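The values are calculated or read from the model by the stated rules, or taken from the named source; none is laboratory data. None of these values were measured; they are calculated from a predicted model. In this analysis, Cβ positions are derived from the backbone assuming ideal geometry, glycine residues included, and neighbour counts consider all displayed protein chains. These area figures cover heavy atoms from the full protein model, side chains too; ligands, DNA and RNA do not enter into them. Shrake-Rupley method; radii C 1.70, N 1.55, O 1.52, S 1.80 Å.
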Amino acid sequence: MNFSLDASIIMPLALALVLNGSSLCVPEATAARDGAAIAVQTVAREVNPPHLYNLDLYRYKERTLPVLKCSPQKVVEAISLFRDSKSILFDHGNPP
């Protein structure tokens, strides 16, 4: 096989470009993985938040907006726990 002068110049440059490009993929893949992990944690916190109520203050320049977030499921669970505790402690002799 005979290679021309153009091919002898272009092939090393093309290989260098591919190798350099592949070395840039690792930081981008790491950033994408970290971004996906943050997105999953955000969704998990929205589905099952760790608090009953949470007050956030969103600030933009000189303005502040208070935002109250609540977890209705946690409130229902707390009410059920209270009712069960009350029935166990005070209505022990009376069946439901």
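Taking the criterion of being out of contact with any helix residue (DSSP H, G or I) (no Cβ under 8 Å at 6 or more places or on another chain) and open to solvent by less than 100 Å² (accessible area, probe 1.4 Å), the residues of region 41-64 that qualify are Thr42, Val43, Ala44, Pro50, Asn54, Asp56, Leu57, Thr64.
Filtered by the rule that a residue be open to solvent by less than 100 Å² (accessible area, probe 1.4 Å) and of a type in the set (A, V, I, L, M, F, W, C), region 66-84 gives Val67, Cys70, Val75, Val76, Ala78, Ile79. Checking region 15-30 against the condition returns no match, with no residue being without any contact (Cβ under 8 Å) to a residue 60 or more places away in the chain, open to solvent by less than 70 Å² (accessible area, probe 1.4 Å) and touching a His at 6+ places or on another chain (Cβ under 8 Å).
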